Amino acid sequence: MPETTLLFSEILDLVHKAKTKDKKVEILRKYNSDALRMVIKSSFDPKIVWLLPEGDVPYEKNAAPEG
C-alpha cells in the first residue's frame, strides 16, 4: 500500500516525467491499486468502447465573472 495518497493524474504525471522504463515501472508498482489499473486498462484496451460522443466538447464559456 502506498505511503501517501495521490490523485491518478499526479501518479500518471510522475510516470510521464520518469526518464527510464524501470523508473516508470517502479512508480506504477508503488501506487498499484485496482482502481488505477482499471483507469489505465480502460484508456488503452481497444476492446473497451467509451459511450462518449465523437468530436469536441460542447463547451460555452460562462460570461459572468467568478464571484
Across the chain, qualifying lysine pairs (alpha carbons under 21 Å, at least 8 places apart or different chains) come out at 8
How about segment 1-46: which trypsin sites (Lys or Arg not before Pro) there lie in a loop by DSSP and see at most 16 other Cβ atoms within 10 Å?
-> Lys19
Loop-located GluC sites (Glu not before Pro) in the chain, at most 16 other Cβ atoms within 10 Å (DSSP) | Glu3, Glu54, Glu60, Glu66
Which whole-number value in Å³ per residue fits the convex hull of the alpha carbons of the chain?
-> 185 Å³
Report ³J(HN,Hα) in whole Hz for each residue of segment 54-62, in order, from the Karplus equation J = 6.51 cos²θ - 1.76 cosθ + 1.60 where θ = phi - 60°; Gly and Pro get x.
-> 6, x, 5, 6, x, 10, 10, 5, 6
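Bear in mind these aren't lab numbers, they're just calculated from the coordinates by the rules spelled out. Predicted model only: the values in this text are computed from it and were never measured. Counting neighbours? That spans all protein chains shown, and the Cβs are built from the backbone with ideal geometry, glycine included.
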